[in-house]
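Remarks on the structure that follows.
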There are 2 protein chains.
Amino acid sequence: MDLNTINSMSYEQFLDTFGNIIERCPLVTAAIWSQQPFASVTELENRVFDFIESLPLAGKEGILRCHPDLAGRDLMRGTLTDESQNEQAQAGLTLLSAKEKETLGFLNLQYKAKFGFPFVICAKMSDKNKIMQELGSRLQNEQSEELQKGIAEVKKICHLRICDLFLNEKLPTKL
Amino acid sequence: MDLNTINSMSYEQFLDTFGNIIERCPLVTAAIWSQQPFASVTELENRVFDFIESLPLAGKEGILRCHPDLAGRDLMRGTLTDESQNEQAQAGLTLLSAKEKETLGFLNLQYKAKFGFPFVICAKMSDKNKIMQELGSRLQNEQSEELQKGIAEVKKICHLRICDLFLNEKLPTKL
């Protein structure tokens with residue numbers, strides 16, 4: 001993958017390619033396009049992270065709220081984004097037992113009721129058992145701590161989505 | 001439509017209902033949810049506008065870049081959001097002659113090349129002839145002026161989308 005290709009993309013091509021590196025927030029990708037040329041893919045990623053950090057608190061909460069529950073409504077309805085579907089499947093969340101679904105659903109509800117945003121974790125770096133353990137433990141935190149932890153996970157997810165785009169050459173061949 | 005209903009919505013219900021009042025930017029709706037209770041629908045709308053104004057310049061550009069071209073690629077491909085499809089149809093943009101399509105396509109390209117974001121106008125408050133005239137005229141402006149004008153149009157679009165939700169009772173009956 002060629003950095004020149006990325007640096008010569010129109011904002012539309014840029015959005016087609018990187019529009020979902022932050023789940024359901026193409027605004028973020030769209031915002032950093034004008035910082036072309038990027039010296040490296042890491043710089044592109046850092047600009048995304050800088051933009052997120054530049055948002056008011058409500059904006060960071062907004063980003064978390066654009067994420068689906070793990071093994072939640074969108075997974076049941078088949079309305080997850082491709083990226084999220086893939087990540088949740090890899091963590092074993094598409095093959096939960098009835099009991100596991102119930103437990104996770106209950107923990108998700110408790111988490112949302114306490115914090116006002118969903119539990120966000122980089123599922124690809126985890127598995128269903130670790131996720132449930134982590135969810136139970138993070139439920140004990142303060143809201144401000146969880147906002148920070150959630151955003152840190154959003155960045156990990158973003159990093160892996162960018163890696164995936166490169167490794168699997170999911171970039172357009174014709175620009 | 002009952003304000004209590006809105007003020008008792010979970011963030012998921014709020015996003016299901018108001019998620020596209022800013023085109024393809026559910027982040028904005030998600031960000032203001034925690035400002036419940038709203039004293040009026042106008043207050044809800046004003047919180048959306050305040051949030052947009054609180055964004056760094058790049059974020060405002062990002063919002064504009066999430067908007068489709070008028071009579072552009074998404075209309076041709078059938079990938080417009082329902083709201084945008086409806087607005088473009090009402091302005092007569094789905095029934096352009098070959099010559100009109102060519103002219104509008106050329107002006108859109110020029111606009112995007114000059115400003116780095118698409119020409120955004122509240123199509124419902126206009127029609128195809130006015131739109132083409134306005135596009136030609138706004139092409140002469142400076143970038144900073146167009147960013148401001150574009151965001152002002154985003155707010156008009158948002159206002160009409162909220163009105164439409166109320167007038168047509170497109171709100172969920174079961175919450």
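Taking the conditions (1) over 17 Å from the mean Cα position of the chain (by Cα); (2) modelled with pLDDT of 95 or more; (3) away from every other protein chain (no Cβ under 11 Å) in turn, A:ASN4 satisfies each one other than (2).
Taken over region A:116-137, the residue count meeting the criterion of being touching a Lys or Arg at 6+ places or on another chain (Cβ under 9 Å), in a helix (DSSP H, G or I) and closer than 18 Å to A:GLY72 by Cα is 1.
Among residues of region B:110-124 that are within 13 Å of B:LYS155 (Cβ to Cβ), those with a beta-carbon under 6 Å from a residue that is part of a loop (DSSP other than H, G, I, E, B) at least six positions away or on a different chain give the pairs B:VAL120/B:HIS67. Scanning region B:13-47 for residues that are of a type in the set (Val, Ile, Thr) and crowded, with 23+ Cβ neighbours inside 10 Å yields a total of 5. A residue that is in the same structural domain as A:GLN140 (by TED's automatic domain parsing), closer than 15 Å to B:LEU15 by Cα and surrounded by 15 or more Cβ atoms within 10 Å (Cβ to Cβ) occurs somewhere in region A:94-116.
In summary, A:PHE14 fulfils each of the numbered conditions (1) in a loop (DSSP other than H, G, I, E, B); (2) aromatic (Phe, Trp, Tyr); (3) under 24 Å from B:THR79 (Cα atoms) with the single exception of condition (1).
Considering every residue within region A:64-87, establish whether at least one is within 13 Å of chain B (Cβ to nearest Cβ), on the phi > 0 side of the Ramachandran plot and either in contact with a helix residue (DSSP H, G or I) (Cβ under 8 Å, 6 or more places away or on another chain) or assigned to a loop (DSSP other than H, G, I, E, B) (or both). The answer is no, given that none of the residues of region A:64-87 is within 13 Å of chain B (Cβ to nearest Cβ), on the phi > 0 side of the Ramachandran plot and either in contact with a helix residue (DSSP H, G or I) (Cβ under 8 Å, 6 or more places away or on another chain) or assigned to a loop (DSSP other than H, G, I, E, B) (or both). Can you tell me which residue in region B:68-82 is farthest from A:GLN13 (Cα to Cα), limited to those that are small (Gly, Ala, Ser) and surrounded by 11 or more Cβ atoms within 10 Å (Cβ to Cβ)? The extreme case among them is B:ALA71. Whenever a residue of region A:1-17 is in contact (Cβ under 8 Å) with a residue 60 or more places away in the chain, its partners that are loosely packed, with under 13 Cβ neighbours inside 10 Å and of a type in the set (Asp, Glu), lying with C-beta atoms within less than 9 angstrom and at least six residues away or across chains, give the pairs A:MET1/A:GLU169.
For region B:25-39, how many residues are outside any helix (DSSP H, G or I) and either in contact with a Lys or Arg (Cβ under 6 Å, 6 or more places away or on another chain) or within 7 Å of another protein chain (Cβ to nearest Cβ) (or both)?
Of the residues in region B:25-39, 1 are outside any helix (DSSP H, G or I) and either in contact with a Lys or Arg (Cβ under 6 Å, 6 or more places away or on another chain) or within 7 Å of another protein chain (Cβ to nearest Cβ) (or both).
For the condition closer than 30 Å to B:SER34 by Cβ, touching a residue at least 40 places away in the same chain (Cβ under 8 Å) and more than 14 Å from the chain's Cα centre (by Cα), what is the one hit in A:LEU75, A:LEU57?
Only one candidate qualifies: A:LEU57.
The values are calculated or read from the model by the stated rules, or taken from the named source; none is laboratory data. Being a predicted model, the structure only gives us computed values, none of them experimental. As a convention, Cβ positions derive from the backbone with ideal geometry for all residues, glycine included, and neighbour counts pool all protein chains shown.
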